[in-house]
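Structure first, then comments.
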Amino acid sequence: MNPSVVPEDRREAYYHERAREAGPRYAGFDLLSIQIALDLLYTYDIFHQLTGRYMADYGLSKSTVNILMLLRHGPAEGMQLHDLGELLLVSRANITGLIDHLEEQGYVTRVVDTQDRRARYARITKKAETLMDEFIPVHYRNVRSLLQDLTRGEKEMLLALLERTRVSLTAHAGDLRSSVCRVSND
């Protein structure tokens, strides 16, 4: 990657060093688990920053791209706002606000369900379809470029490891404990 495009980032080394130094003082510390957690966050942040740059050139954010992709390749009648919110890969922030923004830009129209007047659908407009037809190939080329140093086998291995990680995360979500530890000033 061109060093002039991405400035030196000290976070990875900094956090790994802090974990190695401070972590052993705490019960339950496992260096590899902490490094994985840090690296997942760090890798996502780098990917988020790099893709966000070219998305902004199109006036898009990850949330708006996610919604427009769902609508572009979803049912012709559109999708209920509730369903869109459940399917978002990025922040599930105020779906109504996101749809409002897309509607203001002329990318989405809201439709009331004729069977259930309480249900609201979002439908992609021709303007947004044109934008997505231009943007999607750029996005796919950029993602391929960002990951070009991984072999096919490495990509497949990473996918399998990420899937196993998600399975472990969801399987043990119920094990999480929150306890308040009060420090005495005696």
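Does residue 165 satisfy being among the β-branched types (Val, Ile, Thr), at pLDDT 95 or above and surrounded by 11 or more Cβ atoms within 10 Å (Cβ to Cβ)? If you could, list the steps in order and put the result at the bottom.
Details: among the β-branched types (Val, Ile, Thr): yes; at pLDDT 95 or above: yes; surrounded by 11 or more Cβ atoms within 10 Å (Cβ to Cβ): yes.
Yes.
Hey, which of the helices (runs of 4 or more DSSP H) in region 64-153, taking only ones fully inside, have at least 3 residues that are within 18 Å of the chain's Cα centre (by Cα) and at pLDDT 95 or above? Break it down into steps so the answer makes sense when it comes.
Details: elements: 81-87, 95-104, 126-146.
Counting at least 3 such residues, we get 126-146.
Just give me the residues in region 94-103 being more than 17 Å from residue 132 (Cα to Cα) and surrounded by fewer than 18 Cβ atoms within 10 Å (Cβ to Cβ), in sequence order. Full working, then the answer.
Looking only at region 94-103, we keep the residues that are more than 17 Å from residue 132 (Cα to Cα), and these are 94-97, 100.
The answer is 94, 96, 97, 100.
Applying the selection to region 42-61, what residues are within 19 Å of residue 134 (Cβ to Cβ) and surrounded by fewer than 16 Cβ atoms within 10 Å (Cβ to Cβ)? Break it down stepwise before answering.
Going through region 42-61, the residues within 19 Å of residue 134 (Cβ to Cβ) turn out to be 51-61.
Result: 52, 53, 54, 56, 57, 58, 59.
Identify the single condition in (1) assigned to a helix (DSSP H, G or I); (2) modelled with pLDDT under 95 that residue 177 does not satisfy, given that it satisfies every other one.
Among (1) assigned to a helix (DSSP H, G or I); (2) modelled with pLDDT under 95, the lone unmet condition for residue 177 is (1).
Restricting attention to region 36-55, does a residue exist that is outside any helix (DSSP H, G or I) and without any contact (Cβ under 8 Å) to a residue 24 or more places away in the chain?
First, pick out the residues of region 36-55 that are outside any helix (DSSP H, G or I): none.
Among the residues of region 36-55, not one is outside any helix (DSSP H, G or I) and without any contact (Cβ under 8 Å) to a residue 24 or more places away in the chain, which makes the answer no.
Report the residue count in region 66-94 for those that are over 15 Å from residue 127 (Cα atoms), out of contact with any strand residue (DSSP E or B) (no Cβ under 9 Å at 6 or more places or on another chain) and in contact (Cβ under 8 Å) with a residue 12 or more places away in the chain.
Of the residues in that region, 6 qualify.
Out of all the residues in region 77-85, is one or more under 17 Å from residue 135 (Cα atoms), surrounded by fewer than 13 Cβ atoms within 10 Å (Cβ to Cβ) and out of contact with any His (no Cβ under 7 Å at 6 or more places or on another chain)? Before you say what the answer is, go through the steps one by one.
First, the residues of region 77-85 that are under 17 Å from residue 135 (Cα atoms): none.
Scanning region 77-85 turns up no residue that is under 17 Å from residue 135 (Cα atoms), surrounded by fewer than 13 Cβ atoms within 10 Å (Cβ to Cβ) and out of contact with any His (no Cβ under 7 Å at 6 or more places or on another chain).
List every residue pair whose Cβ atoms sit under 6 Å apart, with the two residues 6 or more apart in sequence or on different chains, where the first one lies in region 120-136 and is more than 14 Å from residue 59 (Cα to Cα) and of a type in the set (Ser, Thr, Tyr) and the second, anywhere, is at pLDDT below 95 and outside any strand (DSSP E or B).
Hits for this filter: 121/78.
With the condition kept exactly as written, say whether any residue in region 16-36 is of a type in the set (A, V, I, L, M, F, W, C), within 18 Å of residue 136 (Cα to Cα) and either exposed (fewer than 14 other Cβ atoms within 10 Å of the Cβ) or touching a strand residue (DSSP E or B) at 6+ places or on another chain (Cβ under 7 Å) (or both).
Let us first name the residues in region 16-36 that are of a type in the set (A, V, I, L, M, F, W, C), namely 19, 22, 27, 29, 31-32, 34, 36.
Subsequent filtering for residues that are within 18 Å of residue 136 (Cα to Cα) retains none.
For region 16-36, residues of a type in the set (A, V, I, L, M, F, W, C), within 18 Å of residue 136 (Cα to Cα) and either exposed (fewer than 14 other Cβ atoms within 10 Å of the Cβ) or touching a strand residue (DSSP E or B) at 6+ places or on another chain (Cβ under 7 Å) (or both): absent.
The values are calculated or read from the model by the stated rules, or taken from the named source; none is laboratory data. Everything numeric in this text was worked out from a predicted model, so none of it was measured. Quick reminder, even Gly has a Cβ in these numbers, built from the backbone with ideal geometry, and neighbours come from all protein chains shown.
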